[in-house]
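Data first, discussion second: the structure below is written as structure tokens.
The values are calculated or read from the model by the stated rules, or taken from the named source; none is laboratory data. Treat the numbers as computed from the prediction; the structure is a model and nothing was measured. Positions of Cβ are backbone-derived with ideal geometry, glycine not excepted, and every protein chain shown enters the neighbour counts. Keep in mind that these areas ignore ligands, DNA and RNA; they rest on the heavy atoms of the full protein, side chains included. Shrake-Rupley method; radii C 1.70, N 1.55, O 1.52, S 1.80 Å.
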Amino acid sequence: MIKVNIHRSIASEARSFEEQALRDNAAAILPYTPLAKIRAGKVAAYYLEKDSKGDPSRLAVLIDDGTFVNILLFALNGIYMFGGFVPLDNLTSLTITDVVTSGFYELEAVIVGETITLAFDAQTNAYSPKTNMSEVVHAAFAKRIAA
């Protein structure tokens with residue numbers, strides 16, 4: 001298991017492929033996050049697709065925009081697709097597990113003390129909660145869905 005640490009500045013420390021991932025997914029992120037928060041946000045890259053491990057050209061990009069952790073997945077030839085989100089409200093940890101679903105490592109998010117498993121859904125091409133969650137955690141996810 002790998003504890004996710006999103007710590008590099010988008011504005012000054014993002015690598016070219018991370019900037020490309022943001023460009024490719026601006027339409028999926030900007031309606032939910034003010035531009036100022038994106039500019040002040042943090043970025044990190046991790047292997048989320050099992051078969052990509054060891055191939056740095058296929059790293060997934062995680063963007064902490066102050067409201068959500070946006071998951072941007074390598075699609076093809078330097079093109080990234082939106083792969084889901086995790087609300088930051090009351091998020092205490094995010095971990096990449098060793099469990100694989102549909103070719104992608106599952107994520108564990110601890111929100112309001114509750115552990116939620118997010119698995120890649122091949123039909124929607126995105127991570128989504130796999131486990132039941134309390135109304136409080138559901139409301140954190142629903143904020144973006146309702147927006």
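Some notes on this structure:
- When residue 41 is tested against (1) surrounded by fewer than 18 Cβ atoms within 10 Å (Cβ to Cβ); (2) under 19 Å from residue 89 (Cβ atoms), just one condition goes unmet, and that condition is (1).
- Any pair with Cβ under 6 angstrom, 6 or more apart, that starts in region 117-139 at a residue that is over 23 Å from residue 1 (Cα atoms) and modelled with pLDDT under 90 and ends at one that is among the aliphatic types (A, V, I, L, M) and open to solvent by 70 Å² or more (accessible area, probe 1.4 Å): 136/112
- Considering each residue of region 48-61 in turn, none proves to be within 17 Å of residue 3 (Cβ to Cβ), in contact (Cβ under 8 Å) with a residue 24 or more places away in the chain, within 14 Å of the chain's Cα centre (by Cα) and part of a strand (DSSP E or B).
- Scanning region 74-102 for residues that are more than 12 Å from the chain's Cα centre (by Cα) and closer than 15 Å to residue 4 by Cα returns 91, 92, 93, 97, 98.
Results for (1) touching a Leu at 6+ places or on another chain (Cβ under 9 Å); (2) among the small types (Gly, Ala, Ser); (3) more than 21 Å from residue 123 (Cα to Cα), shown as yes or no for each residue.
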position	(1), (2), (3)
26	no, yes, yes
43	yes, no, yes
74	yes, no, no
94	yes, no, yes
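- Verdict on residue 87 being modelled with pLDDT under 95 and farther than 22 Å from residue 110 by Cα: no
- Of all residues making up region 75-130, the number that are open to solvent by 70 Å² or more (accessible area, probe 1.4 Å) and either closer than 17 Å to residue 44 by Cα or not in a loop (DSSP other than H, G, I, E, B) (or both): 6
- Among residues of region 14-30, those that are open to solvent by 90 Å² or more (accessible area, probe 1.4 Å) and touching a residue at least 24 places away in the same chain (Cβ under 8 Å), counted: 1
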